[in-house]
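**Student:** Questions regarding the structure given below will be posed in turn.
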Amino acid sequence: MKSTTFIIFVMSIALSQAQVLKKIEYKAYGVVNYYNYNWDTDTEKRDVFDTERLNVYLKYNFTDKIQLKTEFEFEHGGTGITMELDKFEEFGEYETELEAGGAVKLEQLNILFLYKPWLNFRIGRLKLYMGNASKLDTPTQYFTGYRSAMENTLLPMGWYENGIELLGDFGKNKQFSYKLFLVNGLSSVGFTSANWIKRGHQTRFETINTNNLAFSSRFDYNLKNNGYIGCSTYIGNTNNNRPKPDLDHITGTVSIIDLHANVETENFKFRAMVLYGNLQNSDKITAANKKLSNNLNVKRTPVAKNTLGYYAEVGYNILSLSPRTTDKKLFLFGRYDFYDSMYKTAGNVFDNPRWERSVITAGANYMIHPRVNLKAHYAINSLGLSSENKEKTFLLGMGFTIN
């Protein structure tokens, strides 16, 4: 009798654990890259290996209508404090990178409440969806070893904030989708010449200032094979989120709009995007940032009133031309990026031509497995300078996805 009771007890525990495991979903992806540099602007720049990131997603389904989502990101192979030599915005000084949690981040922690196909809610720390990189974020979804140079330079990558999201699909075949966000805003202390508002993403402190909120939206017309055409917007004041109230009396609203497209077939891919941004009182923000403490670890460089960027890329699987059938794919691709983080300036802010950049990239993606790809590309970045204006980079990389 005791043996029977024990067996029933063990089986009940096992059954309970099995039921819990059924509610758990997981996904992961990772990227490792090698960079070879030949830059006119930095002739001594070292070649590097970079274990860029490992992202792990865990989802728990409380019910069919309530889902918990988490995302953890491990950057550059470790945790702690990193240091980099910045020759262009820090005048050749070493810059220490301090981030909340070091190089291991809790990127997402939110709960999704499913109500209707056209109306659902997500609350917590969540992902903003601007442009293409936010949707095509796994390494098997983009050609180069890193996401579009234009997006990666001008916008936080990836962009996660705290707040609420409304999302849904509508139309005869759910061909239209939307996302609306109300989240904490950026902080203007991190705005720079090279990256515009990218470094305004609040990651320096344990808590995030929310005196200024921001609104963001995304609308897409969905095509076949995960394609889409749409637009995204972002608007929010940034000065009241500074660590100290040194610009509370000045409005520093960031406004961004983008148009984006992704067209795919089995063997062909085309992507394009245009982005335009505006920053109110950029000259006053520039003046205030120059007075910031060194301990805050920000660039303190001039920031522009307007930014402009666009890119287009195309790729084709040349193995589809072979009469032999194979599940492997070899995409040859090309891409052109243009972006100017100081497109227009205000007041006495100098429009540094160095930050006008155009990049031509060509390379190959070998899909040795649907979830594993090997990458190689060569990029020539031309700066707006009159001489010594070429930055040439050769990359070998590997990416994978698990789901």
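Just so you know, all these numbers are worked out from the coordinates, no wet-lab data involved. The structure displayed is predicted, hence computed values, not measured ones. Note that each Cβ is placed from the backbone with ideal geometry, even for glycine, and that neighbours are counted across all protein chains shown.
**Student:** Ranking 355, 39 by Cβ neighbours within 10 Å, fewest first, what do you get?
**Tutor:** 39, 355
**Student:** Still on this model: Using the structure shown, list the pairs from 305/390; 116/305; 127/269; 69/174 with a Cα-Cα distance above 29 Å, or answer none.
**Tutor:** Over 29 Å Cα-Cα: 116/305.
**Student:** How large is log10 of I(q)/I(0) for segment 228-280 at q = 0.30 Å⁻¹ when the intensity is taken from the Debye formula with one equal scatterer per alpha-carbon?
**Tutor:** Taking Cα atoms of segment 228-280 as identical point scatterers yields -1.06.
**Student:** Hey, got the dipole for the chain? About the Cα centre, +1 on K and R Cβ, -1 on D and E Cβ, debye to the nearest 20?
**Tutor:** Computed about the Cα centre, the dipole is about 1380 debye.
**Student:** Also, quick follow-up: Placing +1 on the Cβ of each Lys and Arg and -1 on the Cβ of each Asp and Glu in segment 286-403, which of 307, 364, 398 has its Cα farthest towards the positive end of the resulting dipole?
**Tutor:** The Cα lying farthest towards the positive end belongs to 398.
**Student:** Please compute the alpha carbon radius of gyration of segment 184-260, then divide it by the globular-protein estimate 2.2 N^0.38 Å. Two decimals is fine.
**Tutor:** 1.32
**Student:** What number in nm² do you get for segment 237-381 if you take the convex hull of its Cα atoms and divide its surface by four?
**Tutor:** Its average projected convex-hull area is 11.5 nm².
**Student:** Residues with beta-carbon under 13 Å from that of residue 372, excluding residue 372: net charge, scoring Lys, Arg +1 and Asp, Glu -1?
**Tutor:** Surrounding charge for residue 372 is +3.
**Student:** May I pose another question? Mind listing the long-range amide H neighbours of residue 118? Cut-off is under 5 Å, sequence gap 5 or more, other chains count too, H placed in the peptide plane at 1.01 Å from N.
**Tutor:** For residue 118, whose amide H was placed from the backbone, the distant partners under 5 Å are 169.
**Student:** Given springs between every Cα pair under 10 Å in a Gaussian network model of the chain, which of 367, 273, 342 has the largest fluctuation?
**Tutor:** Of 367, 273, 342, the Gaussian network model singles out 367 as fluctuating most.
**Student:** Taking the convex hull of the Cα atoms, report for segment 96-187 its projected area averaged over all directions, in nm².
**Tutor:** Taking the Cα atoms of segment 96-187, their convex hull projects to 7.9 nm² on average.
**Student:** Give the value in nm², to one decimal: projected area of the alpha carbon convex hull of segment 180-309, averaged over all directions.
**Tutor:** Its Cα hull, projected and averaged over all orientations, spans 9.0 nm².
**Student:** Need one number: the % of Cα-Cα pairs in the chain sitting beyond the 30 Å mark.
**Tutor:** In whole percent, the share of Cα-Cα pairs in the chain beyond 30 Å is 46.
**Student:** In whole Å, what are the Cα extents of segment 246-304 along the three principal axes, biggest one first?
**Tutor:** That works out to 54, 24, 15 Å along the principal axes.
**Student:** Over segment 322-403, with a single point scatterer placed on each C-alpha, what log10 of the ratio I(q)/I(0) does the Debye formula yield at q = 0.20, 0.23, 0.25 1/Å?
**Tutor:** For segment 322-403 at q = 0.20, 0.23, 0.25 Å⁻¹, log10 I(q)/I(0) is -0.92, -1.05, -1.14.
**Student:** What value, in deg cm²/dmol to 500, does the helix sum -39500 (n - 2.57) over DSSP H runs of n ≥ 4 give at 222 nm once divided by the residues of the chain?
**Tutor:** Here the helix-only value at 222 nm equals -2500 deg cm²/dmol.
**Student:** Please arrange 167, 119 by counting, for each residue, the other beta carbons lying within 10 Å of its beta carbon, fewest first.
**Tutor:** Listing 167, 119 from fewest to most nearby Cβ atoms yields 119, 167.
**Student:** Also, quick follow-up: Along each principal axis of its Cα atoms, how long is segment 136-254 end to end? Whole angstroms, biggest number first, please.
**Tutor:** Its Cα atoms span 50, 33, 24 Å along the three principal axes.
**Student:** When the Karplus curve 6.51 cos²θ - 1.76 cosθ + 1.60 is applied with θ = phi - 60°, which whole-Hz ³J(HN,Hα) does each residue of segment 339-344 get, with x for Gly and Pro?
**Tutor:** 7, 10, 6, 10, 4, 9
**Student:** How big is the equivalent ellipsoid of segment 155-204 along its three axes, where each semi-axis is √(5λ) from the Cα gyration tensor, reported in whole Å from largest to smallest?
**Tutor:** Those come to 30, 13, 7 Å.
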